[in-house]
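Below is one structure, written out as structure tokens; comments come after it.
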Amino acid sequence: MELIHITRESGIPLIGCIAFGIIDRGTDLLQVRPTTMCNMHCRFCSVSANSPDMHPASFTVDKDYLLEELKKIIEFKGVECEINLDSVGEITTYSQLTELVKGIKAIPKVKRISMQTNGTLLTGEKVYALEKAGISQINLSINSLDSKQAADLSGCSTYSLDHILQIAKMIADSSIQLLIAPVWIPKVNDAEMPKLVELAKKLNAKIGIQKYETYRYSRKIKGIKPITFWKFYQQLKAMEKETGTKLALTKEDFGIHKASRLPAVFEEREKIQAVVKCPGWQKAQMIAAAKGVCVSVNKCLAEAGKRVRIKILENKNNIYVAEMAG
Ligand code: SF4
């Protein structure tokens, strides 16, 4: 798998690609994605992380470049923002994570910093360093309290539930808010959900149960179909009654509010010229740059440095996908 280092000098913008950089969905929460790498191979991974056949290239973004661009976007939005460090991989594989958190904390108008992790690479020392650097909340994936099932779902023979539970306790004992974030996979880990709610209560943590979803490129558990949002919501409501814990969460529960968004620079179906920069995150894709954004160009055979004519297919949330315009 090719690893692409994104620096200011690379000329690769940090807006426009789903896999790395900064994502603004028009709220006061900005997603910051410094890496695409992951150390696990979860059987239900919605982005198929760690599958070189699906993702021939990996990306890592220079911390200073990321901080400079983030600062500009926060200034543009003009409101206090939460920064959510997430990834299409595992955030703790990013070697500059603590320094990145420190740098974000120093930006005026940052009110909170949260991150998602599978927890496997965390240690007591790293939790302490993140606490000192200024992280406000860690969303920790725990999908089962049965050690065999937890390891099986992780796709990693070395996965240790005991280690994750120790990390959960360390976070809970620190000033960092812990949120336990299981994926509820119908007919697979149903029985684990009430147990995880109890664990959250015991640790004085929040819990955010996520719905199992499948997409064209996700890893799917054979024979298991996702349920509808309506059914998922009903099941959460029923479990709320049983456990006395609020489980059906909304944007408001996460304190997310609407805010001005970066304007789109290209319209759907618009034909533009862009300069190819590097391979894309998906197979047979290249990343091109134009007007300060990245565009992922499907079925592109042009080499880096070439100018191409492309047609924009998607521009939602300033994430651009295109095809060759011929
Ligand atoms: S679900 Fe998360 S931890 Fe698991 S393989 Fe995907 S990105 Fe990695």
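The values are calculated or read from the model by the stated rules, or taken from the named source; none is laboratory data. Please read all numbers here as calculations on a predicted model, not as lab measurements. Counting neighbours? That spans all protein chains shown, and the Cβs are built from the backbone with ideal geometry, glycine included.
Some observations on this one:
- The residue of region 137-154 that is farthest from Ser175 (Cα to Cα), among those that are outside any helix (DSSP H, G or I) and within 19 Å of the chain's Cα centre (by Cα), is Asn143.
- Here Thr92 qualifies as within 16 Å of the ligand (Cβ to nearest atom), buried (at least 17 other Cβ atoms within 10 Å of the Cβ) and in a helix (DSSP H, G or I).
- Options Asp146, Asp162: the member that is over 19 Å from Leu236 (Cα atoms), touching a residue at least 24 places away in the same chain (Cβ under 8 Å), of a type in the set (Asp, Glu) and in the same structural domain as Ile227 (by TED's automatic domain parsing): Asp146
- Filtering Ser175, Ser136 for residues that are free of Cβ contacts under 8 Å to residues at least 60 places away in the same chain and exposed (fewer than 15 other Cβ atoms within 10 Å of the Cβ) leaves a single hit, Ser175.
- In this structure, Gly26 does satisfy being away from the ligand (no atom under 14 Å from the Cβ), more than 29 Å from Ile167 (Cβ to Cβ) and of a type in the set (Gly, Ala, Ser).
- Hey, Lys283 without any contact (Cβ under 8 Å) to a residue 12 or more places away in the chain and either assigned to a loop (DSSP other than H, G, I, E, B) or assigned by TED's automatic domain parsing to the domain that holds Val110 (or both) or not: no
- Residue match in region 225-245 (condition: surrounded by 13 or more Cβ atoms within 10 Å (Cβ to Cβ) and under 30 Å from Val127 (Cα atoms)): yes
- The residue that is surrounded by the most Cβ atoms within 10 Å (Cβ to Cβ), among those in region 252-299 that are more than 14 Å from Asp24 (Cβ to Cβ) and among the basic types (Lys, Arg), is Lys277.
- Residue check for Leu121: within 12 Å of the ligand (Cβ to nearest atom), surrounded by fewer than 20 Cβ atoms within 10 Å (Cβ to Cβ), in the same structural domain as Ile180 (by TED's automatic domain parsing) and of a type outside the set (S, T, N, Q): yes
- The residue that is surrounded by the most Cβ atoms within 10 Å (Cβ to Cβ), counting only those in region 305-326 that are in contact (Cβ under 8 Å) with a residue 40 or more places away in the chain and outside any strand (DSSP E or B), is Tyr320.
- Just one of the listed residues (Lys220, Lys225) is within 16 Å of the ligand (Cβ to nearest atom), in the same structural domain as Lys126 (by TED's automatic domain parsing) and outside any helix (DSSP H, G or I), namely Lys220.
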